[in-house]
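Values in this text are rule-based calculations from the coordinates and carry no lab data. Predicted model only: the values in this text are computed from it and were never measured.
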Amino acid sequence: MEKKSPIISIKNLHFTYPDGTVALKGVNLTIQEGESIALVGKNGSGKSTLIKHLNGIYQGDRGEITVDGLPVIEENLQTIRGLIGMAFQDPDNQLFCPTVYDDVAFGPINMDVDEMALHKRVQESLEKMGLMDLADCPSHNLSFGQQKRAAMATILSMRPKIMIFDEPTSNLDPKNEAVITEIIANLPYTRILISHDLPILYQVCQKVVVMDDGRIDAIMSMEDFITNRQLLRKNGLDFTFKCDCCNGHNHEHRHNQIEKKSLSF
Ligand SMILES: Nc1ncnc2c1ncn2[C@@H]1O[C@H](COP(=O)(O)OP(=O)(O)O)[C@@H](O)[C@H]1O
Ligand SMILES: [Mg+2]
């Protein structure tokens, strides 16, 4: 049987920041087309640094990466940036045009999409993110939740093959959190999701990659991950652990509130 080549292949990747911080210490990872990967790990374990190598924002000291069979090197970066849509933690970095419409049109314009097709792509992306009414607003006038959705629309309009989300639900209220989770869960792309939010990871991803101190510590199914209390706790994802901490304070009212919250998951 013909063996399918992976959509992402990372081999022995090392990276040191200019200040001398060694952030990646030999990462090996293979992702097949259509997979949804949860990338988890303690703060500072190297998750954000790793994904920024996939579209060439950072370049490793050592190692090799291919995306859809293309080595991540200068001459392929334009193509690769059309293949990978990356939603960063701070949506502000991705919104810089006069209006939301212009921001969403920016990517496809750079990919030379013709005018008719461009308009259709922008409309579709805005619609998907529930932003049709805000198309003509300046992006900086939007609420944080709306900005997160606008940043995602700027990626959808590029129709990438791979989408990467770095903490997509951080600092969102529960309503926006649910909207974004639902949208990400239904996207028909290969996805990498970085989050400390177990419900979204569970809803979106089948496979979990655990990073620790610049290395891949474990790769497992979501089912195995969520039943491994020790691993969840080690990676800041064990919700019941947080409840236990609050219970320790013996504060009846707060205790009840947290218990209620945990039931709603
Ligand atoms: N711009 C930077 N300059 C120097 N060190 C950095 C920079 N960004 C991140 N680091 C360091 O690199 C390591 C990995 O960080 P990061 O990839 O942001 O981890 P994570 O996303 O898992 O929280 C940490 O030790 C962090 O302090
Ligand atoms: Mg990070």
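Would you please give the residues with an amide H less than 5 Å from that of G26, counting only those at least 5 places away or on a separate chain, with H modeled from the backbone geometry?
HN-HN under 5 Å from G26: L13, H14, F15.
Based on the alpha-carbon gyration tensor of the chain and its eigenvalue square roots a ≥ b ≥ c, which shape applies: rounded if a/c is under 1.5, prolate if not and a/b is larger than b/c, or oblate?
On the way: a/c = 1.86, a/b = 1.16, b/c = 1.60.
The shape class here is oblate.
For the chain, what proportion of DSSP beta bridges, expressed in % and rounded to the nearest 5, is antiparallel?
So the antiparallel bridges amount to about 55 percent of the total.
Between F96 and M132, what length in nm is gained on full extension when 0.36 nm per residue of separation is reduced by their alpha carbon distance? Let's see the in-between values first.
On the way: separation 36, 0.36 × 36 = 12.96 nm, distance 1.84 nm.
Contour length minus Cα-Cα distance gives 11.1 nm.
Quick check: the distance between the Cα centres of the range 74-139 and the range 1-66, to the nearest angstrom?
Cα centres, the range 74-139 to the range 1-66: 25 Å.
At 222 nm, what value in deg cm²/dmol follows for the chain if DSSP H runs of at least 4 each add -39500 (n - 2.57) and the sum is divided by all its residues, to the nearest 500?
It lands at -11500 deg cm²/dmol.
Alpha carbons only, please: Rg and Dmax for the range 13-130, in angstrom.
16.6, 49
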